[in-house]
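Trainee: Sharing a structure below in structure tokens format, with a few things to ask.
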2 protein chains.
Amino acid sequence: MTTRDSKDSDLQRSLTLLWAGRRRGQRGPRSRLSVELIAQAAVRVADADGLEAVSMQRVAAELGYSTMSLYNHVPSKDLLLEVAADVGAGAPPDLDEAADFRAAVRQWVAALWAGFHQRPWILRVPLDHAPVGPHQLAWLDRLLRPLLAAGLPGAEARAAALHLTAVVRGTAQISTSMSGEHKRDNGFPRTDTDLAHVVTELLDPAEYPALTAIHAAELADPGQPDGDALPFELGFGVDRFLDGVEGWVAAKSRR
Amino acid sequence: MTTRDSKDSDLQRSLTLLWAGRRRGQRGPRSRLSVELIAQAAVRVADADGLEAVSMQRVAAELGYSTMSLYNHVPSKDLLLEVAADVGAGAPPDLDEAADFRAAVRQWVAALWAGFHQRPWILRVPLDHAPVGPHQLAWLDRLLRPLLAAGLPGAEARAAALHLTAVVRGTAQISTSMSGEHKRDNGFPRTDTDLAHVVTELLDPAEYPALTAIHAAELADPGQPDGDALPFELGFGVDRFLDGVEGWVAAKSRR
DNA sequence: ACGTTTCTATGTATGGTGTACGTAGTTTCG
DNA sequence: CGAAACTACGTACACCATACATAGAAACGT
């Protein structure tokens, strides 16, 4: 309808790329390469050496092809990264349907959290438009189910899902950046545990009263993100949010 | 103490850069350039043409200096971007102290949200370690105050602040990327409003039941983020979270 | 006042990047 | 068996961050 002809072509290209809308060429030889193969190679490189290491040349070398061959299947590096991020995300977990919606949501959050820690580079892929990858949408769909089942109307479920996605994404961004997980070449990751000390020595207590007040209660254990366990830094907020949602639907049904 | 000597030098450099720990050289000529001037120029470039346009050459040109001159004041582009992001964030607003903590927090959220929409490029600056910039810490401090005043103990206040920061950051990332605000050269921004349609036409309802169910309730008005008004997509989640926090402290004080 | 020291700003150079373009070769269709 | 069409490749270009050496000017000690 009102689709703008000039510039949404890149979205269209993203879509056809992500959803494998490959044209069936007739005449020429069939390519042994494919978007999937290229994306998987990119994922492999990113896993090994971080997102910065992902260059067209490196990916091509990984596959044993020349650099420019990739451009027969992928229009640009940006698009490739987008596909790689979706591939790297993988399929969402199947949530426990029997469980109450809190448990299900926590399960989802834990899985996404674990995923971001396993592939921190996904968080460094610049977002260029709304999520339209099959895997990304699958994750979203899986989260929406328990929210809808809990009694939230569509728009609110959408907002709640956005909230949770944003929380995990944002928290993981901060968390992984602090622990230096985003660069794998670094050898071992370095945790900025003692950062608090360094900073609080510089801070003027008059200007940053709350921070200096907090200073004592610093840094509980990081905790292991295995299973459904969430680290306190993430779990507290999620639990408070779920409290709020619970109260909201309860109040609504009571009325 | 246990500071690792090999690799936290970059953190140290970040700190001295961000906190203007300039050594007072004696002999040579005083430089007319400074970290602040360079960072401001970078901000100007990013405001005008987006983060991708920020190159050392461009920033130097903006100042009328040669490219390599910048390296006398800034050790690397990464560090420069970090400083520019902090400078671009600016000082946090003074929150209404008289107001209840909900109003204060909403005020803070609205301000940060507005800031991210004004300078979307800040969200594209890669995070390399914990936030240590003066402005970033000032924002954090301002948020912690109402949370502490509401009765949260230190660790929980910290977690809540992280939650809120992550929410605004993550939501803004998705939101600005959807509307294409991150690239200013583009001419006018393009909203992916009709994205939902495009996608839902491709989706297999069997695999994405929740998404197709939602499909009807799509896209309320974006709303204007002026003053304390939050768009629904952000406000709903924040309000539910605040509900939860409120209930939490109430339950705790009752016990 | 002067020489010496020391820092600034610059120019050059290197290895990397994404990708536009032309071309050779090969596979499949008519 | 042509002929059409597509793949993979090599070359080339503009741009990037930054290592290094150099020239020059400013401020200090005398």
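The values are calculated or read from the model by the stated rules, or taken from the named source; none is laboratory data. All values reported here derive from a predicted model rather than from experimental measurement. Cβ: placed from backbone, ideal geometry, glycine included. Neighbour counts: every protein chain shown. We work out accessible area using only protein heavy atoms, side chains counted, and drop any ligands, DNA or RNA first. Shrake-Rupley method; radii C 1.70, N 1.55, O 1.52, S 1.80 Å.
Trainee: If a residue has to be among the aliphatic types (A, V, I, L, M) and within 15 Å of DNA strand D (Cβ to nearest atom) to count, how many in segment A:65-93 make the cut?
Mentor: Number satisfying all stated conditions: 4.
Trainee: Is there any pair with a first residue in segment A:67-79 that is open to solvent by 20 Å² or more (accessible area, probe 1.4 Å) and a second that is outside any helix (DSSP H, G or I) and near DNA strand D (Cβ under 7 Å from one of its atoms) whose Cβ atoms are under 6 Å apart and which are 6 or more apart or on different chains, and what are they?
Mentor: From segment A:67-79, the pairs are A:HIS73/A:LEU33.
Trainee: Within segment B:93-133, work out how many residues are assigned to a helix (DSSP H, G or I) and over 27 Å from B:GLY247 (Cα atoms).
Mentor: Adding up the residues that qualify gives 10.
Trainee: In segment B:136-172, what count of residues is obtained for those that are more than 13 Å from A:VAL167 (Cβ to Cβ), more than 15 Å from the chain's Cα centre (by Cα) and not in a loop (DSSP other than H, G, I, E, B)?
Mentor: The total comes to 11.
Trainee: Can you tell me which condition B:PRO93 does not meet? The list is (1) buried (at least 20 other Cβ atoms within 10 Å of the Cβ); (2) under 29 Å from B:SER14 (Cα atoms), and all the others hold.
Mentor: (1)
Trainee: Okay, moving on. Just the residues that are more than 10 Å from DNA strand C (Cβ to nearest atom), open to solvent by 10 Å² or more (accessible area, probe 1.4 Å) and of a type outside the set (D, E, K, R), please, taken from segment B:57-66. Spell out how you get there, then give the answer.
Mentor: Going residue by residue through segment B:57-66, those that are more than 10 Å from DNA strand C (Cβ to nearest atom) are B:58-59, B:61-62.
If we keep only those that are open to solvent by 10 Å² or more (accessible area, probe 1.4 Å) as well, we get B:58, B:61-62.
Within segment B:57-66, just B:ALA61 meets the criteria.
Trainee: For segment B:34-52, give me each residue that is surrounded by fewer than 19 Cβ atoms within 10 Å (Cβ to Cβ), farther than 20 Å from B:GLY115 by Cβ and either of a type in the set (Lys, Arg) or within 13 Å of DNA strand D (Cβ to nearest atom) (or both).
Mentor: Filtering segment B:34-52 down to residues surrounded by fewer than 19 Cβ atoms within 10 Å (Cβ to Cβ) leaves B:34, B:36-37, B:40, B:44, B:47-50, B:52.
Filter once more, so that each one left must be farther than 20 Å from B:GLY115 by Cβ: B:34, B:37, B:52.
B:GLU52 - this is the single residue of segment B:34-52 that is surrounded by fewer than 19 Cβ atoms within 10 Å (Cβ to Cβ), farther than 20 Å from B:GLY115 by Cβ and either of a type in the set (Lys, Arg) or within 13 Å of DNA strand D (Cβ to nearest atom) (or both).
Trainee: Could I ask something else about it? B:ASP243 - would you say it is facing chain A (nearest Cβ under 8 Å), over 28 Å from A:PRO126 (Cα atoms), touching a Gly at 6+ places or on another chain (Cβ under 6 Å) and at pLDDT 70 or above?
Mentor: yes
Trainee: Over 12 Å from A:TRP121 (Cα atoms), more than 16 Å from DNA strand D (Cβ to nearest atom) and of a type in the set (Asp, Glu): which single residue out of A:GLU97, A:GLU62 fits that description?
Mentor: A:GLU97
Trainee: Can I ask one more? Go through the residues of segment A:79-89 one by one and say whether even a single one is away from DNA strand C (no atom under 13 Å from the Cβ), within 14 Å of chain B (Cβ to nearest Cβ) and either among the hydrophobic types (A, V, I, L, M, F, W, C) or closer than 30 Å to A:VAL245 by Cα (or both).
Mentor: Scanning segment A:79-89, I find at least one residue that is away from DNA strand C (no atom under 13 Å from the Cβ), within 14 Å of chain B (Cβ to nearest Cβ) and either among the hydrophobic types (A, V, I, L, M, F, W, C) or closer than 30 Å to A:VAL245 by Cα (or both), so the answer is yes.
Yes or no, residue by residue, for (1) modelled with pLDDT under 95; (2) within 21 Å of A:ASP128 (Cβ to Cβ):
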position	(1), (2)
A:SER34	yes, no
A:ALA42	no, yes
A:ASP47	no, no
A:GLY50	no, yes
A:VAL54	no, yes
A:LEU80	no, yes
A:ALA85	no, yes
A:ALA89	no, yes
A:ASP96	yes, no
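Trainee: Can B:SER31 be described as within 15 Å of DNA strand D (Cβ to nearest atom) and within 14 Å of chain A (Cβ to nearest Cβ)? Steps first, please.
Mentor: Numbers: within 15 Å of DNA strand D (Cβ to nearest atom): yes; within 14 Å of chain A (Cβ to nearest Cβ): no.
No: the conditions fail for B:SER31.
Trainee: Could you tell me whether segment B:108-122 includes any residue that is closer than 21 Å to A:THR176 by Cβ, open to solvent by less than 50 Å² (accessible area, probe 1.4 Å), at the interface with chain A (Cβ under 9 Å from one of its Cβ atoms) and not β-branched (Val, Ile, Thr)?
Mentor: There is no residue in segment B:108-122 that is closer than 21 Å to A:THR176 by Cβ, open to solvent by less than 50 Å² (accessible area, probe 1.4 Å), at the interface with chain A (Cβ under 9 Å from one of its Cβ atoms) and not β-branched (Val, Ile, Thr).
Trainee: Looking only at segment A:17-32, filter to residues that are part of a loop (DSSP other than H, G, I, E, B) and within 19 Å of A:MET68 (Cβ to Cβ); which one of those is modelled with the lowest pLDDT? Reasoning before the result, please.
Mentor: Residues of segment A:17-32 part of a loop (DSSP other than H, G, I, E, B): A:19-32.
So of that shortlist, the ones also within 19 Å of A:MET68 (Cβ to Cβ) come out as A:25, A:28-32.
Values: A:GLY25: 61, A:GLY28: 71, A:PRO29: 75, A:ARG30: 78, A:SER31: 81, A:ARG32: 85.
Out of the qualifying residues, it is A:GLY25.
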